[in-house]
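Here the structure comes first, spelled out in structure tokens, and everything after it is commentary.
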Amino acid sequence: MSASTSEFPPVAILYQAVPPPEIDGIRKPMKPGGYSDSGADIGHALRAAGVPLITPRPDPDPAQAMDWVFPDTAEGIAEALRRGARVLWANTVLFSGHPLEAVVGQGVRVVGQHPARVDRYDDKWITQGELREAGCPVPASVLIGMTEESGVLAVGSLSEARLEERGLRFPLVIKPVRGRGSEGVGVVRSLAELERSAAGLFAARDPVLDIPRYGQRLILERFLPGTEVTLTVMPPGSYLIEGSERTFASHWALPAVRRFNHHDGIAPYSGVVAVVANSALLSAREQGEPAMQRLSAWCALAASRVQALAPIRIDCRSAEDGEFLLFDLNMKPNMTGPGRPGREAQDSLCSLAARGVGWSYQELLLNMLRQAWPR
């Protein structure tokens, strides 16, 4: 699939060079390389499709990620625009006050989320509460900390009876309020194990910034024992699907991807285990099952609730009765893909899902580009 040079204005891709701010004592962990690897994957695929791409080097080396991406600093953004970019692909972690905000609407379009919404919905506790309010099925959970305060239970005060009052029985999932992938997420099977795990997460420090890595609050959540799937949800807009243009008036979900080969009940981070080694697109028969159809509708509702302007990924698991619950919403899903040398196995969960509507990785990216905002 190729794009005419007149169809798209020049695009520049941003990677994460600006550390996210500390919010309520929590700073979202940065990925080594700042997503420059997936940024280069995106750039390589777009250029191959005929999209005019602005890069730091005029002839970027496919093997050198930094040849393809600009830092998301004010200076990096200004340089991309000076070189002629009119669309900024925000392959980075955004937040309120991010330098991108200063140029949005000034003849510049964005592929990515609104910074203020990422700021809000990167907080998994807030997001779960909003999804529950919207009527989406989410697991029971509580906030825990070292000390008791309003809305937060002290780890040392927990008992099985106190947890059961809140719909929680071991095993349980413990996870950071603001995290990246499955980093810091674990399953605990007793009070003693919960105390040890919480103490380790509270004590962890960022090796570069020397601040608490996960803050002083954690989420304790019902463990769901059934099948895990992840759904990529696209924003409203016009899309090319198998050669025909289709317009979606509301958010819509790509076919689900099943996750398997978990480590101690948790799907490993894709940087440790390649997605293609533990994930597969559901069959057409599985996609058509009533429980999956209901889940797809719930995920579309969730994306609408957070006002997603670009793809988001929602992780779900089935309970004992076979019904699925939404346990994690990712405002910035990984967007790696094959194409560059040595990257053949770098499919992301989103690119796997895209195959369910007949899209290659390149076609997924082009359809994302068509939804650049403001429109």
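The values are calculated or read from the model by the stated rules, or taken from the named source; none is laboratory data. Keep in mind that what you see is a predicted model, and the values were worked out from it rather than measured. Every residue, glycine among them, receives a Cβ derived from its backbone with ideal geometry; neighbour counts consider all protein chains shown. Remember, those area values only see protein heavy atoms, side chains included, never the ligands or the DNA or RNA. Shrake-Rupley method; radii C 1.70, N 1.55, O 1.52, S 1.80 Å.
Residues in segment 77-96 that are touching an Asp or Glu at 6+ places or on another chain (Cβ under 8 Å) and part of a loop (DSSP other than H, G, I, E, B): Thr92, Val93, Leu94, Phe95, Ser96.
When the residues of segment 45-64 are filtered to those that are open to solvent by less than 60 Å² (accessible area, probe 1.4 Å) and in contact (Cβ under 8 Å) with a residue 60 or more places away in the chain, which remaining residue is farthest from Gln362 (Cα to Cα)?
Here is the first cut: in segment 45-64, the ones open to solvent by less than 60 Å² (accessible area, probe 1.4 Å) are 45-46, 49-56, 60, 62.
With the extra rule that they be in contact (Cβ under 8 Å) with a residue 60 or more places away in the chain, the set shrinks to 45-46, 49, 51, 62.
On the way: Ala45: 6, Leu46: 7, Ala49: 7, Val51: 11, Pro62: 16 Å.
Among residues in segment 45-64 that are open to solvent by less than 60 Å² (accessible area, probe 1.4 Å) and in contact (Cβ under 8 Å) with a residue 60 or more places away in the chain, the one farthest from Gln362 (Cα to Cα) is Pro62.
When the strands (runs of 3 or more DSSP E) confined to segment 269-354 are screened for residues that are in contact (Cβ under 8 Å) with a residue 40 or more places away in the chain, in contact with a Cys (Cβ under 8 Å, 6 or more places away or on another chain) and open to solvent by less than 10 Å² (accessible area, probe 1.4 Å), those reaching at least 2 such residues are found at 312-318. Total residues in segment 20-44 satisfying the condition of being in contact with a Gly (Cβ under 8 Å, 6 or more places away or on another chain), open to solvent by 10 Å² or more (accessible area, probe 1.4 Å) and either of a type in the set (A, V, I, L, M) or not in a loop (DSSP other than H, G, I, E, B) (or both): the figure is 1. Within segment 355-368, the set of residues being crowded, with 22+ Cβ neighbours inside 10 Å and in contact with a strand residue (DSSP E or B) (Cβ under 7 Å, 6 or more places away or on another chain) comprises just one member, Met368. Residues in segment 130-152 that are loosely packed, with under 15 Cβ neighbours inside 10 Å and under 30 Å from Arg375 (Cβ atoms): Glu133, Ala134, Gly135.
Which fully enclosed strands (runs of 3 or more DSSP E) of segment 119-201 have 2 or more residues being in contact with a Gly (Cβ under 9 Å, 6 or more places away or on another chain) and at pLDDT 95 or above? Show your work before the answer.
Numbers: elements: 141-145, 172-176, 186-188.
Correct list: 141-145, 172-176.
The set of residues in segment 4-19 being in a loop (DSSP other than H, G, I, E, B) and modelled with pLDDT of 80 or more consists of Glu7, Phe8, Pro9, Pro10, Gln16, Ala17, Val18, Pro19. Taking first residues from segment 235-246 that are open to solvent by less than 80 Å² (accessible area, probe 1.4 Å) and partners that are of a type in the set (A, V, I, L, M) and at pLDDT 95 or above, the Cβ contacts under 8 Å between residues at least 6 apart in sequence or on separate chains come to Pro235/Ala303; Pro235/Ala308; Pro235/Leu309; Pro235/Ala310; Pro236/Ala249; Leu240/Leu366; Ile241/Val357.
Taking segment 70-89, which residues are among the polar types (S, T, N, Q) and within 18 Å of Ser38 (Cβ to Cβ)? Walk me through it before giving the result.
Residues of segment 70-89 that are among the polar types (S, T, N, Q), as a first pass: 73.
None; the set is empty.
Looking only at residues in segment 97-106 that are open to solvent by 60 Å² or more (accessible area, probe 1.4 Å) and either of a type outside the set (Asp, Glu) or part of a loop (DSSP other than H, G, I, E, B) (or both), the one that is farthest from Arg180 (Cα to Cα) is Gln106. Within segment 200-226, being under 23 Å from Ile126 (Cα atoms) and either open to solvent by 50 Å² or more (accessible area, probe 1.4 Å) or of a type in the set (Val, Ile, Thr) (or both) holds for Ile211, Gln216, Ile219, Arg222.
As a summary of the residue check, Pro235 satisfies the conditions (1) farther than 30 Å from Leu366 by Cα; (2) touching a helix residue (DSSP H, G or I) at 6+ places or on another chain (Cβ under 8 Å) except for the one numbered (1). For Thr55, the stated conditions hold: it is in contact with an Asp or Glu (Cβ under 7 Å, 6 or more places away or on another chain) and either more than 20 Å from Pro338 (Cα to Cα) or at pLDDT 95 or above (or both).
Looking across segment 153-195 at every residue that is touching a strand residue (DSSP E or B) at 6+ places or on another chain (Cβ under 6 Å) and open to solvent by 40 Å² or more (accessible area, probe 1.4 Å), the one that is nearest to Gly226 (Cα to Cα) is identified as Pro171.
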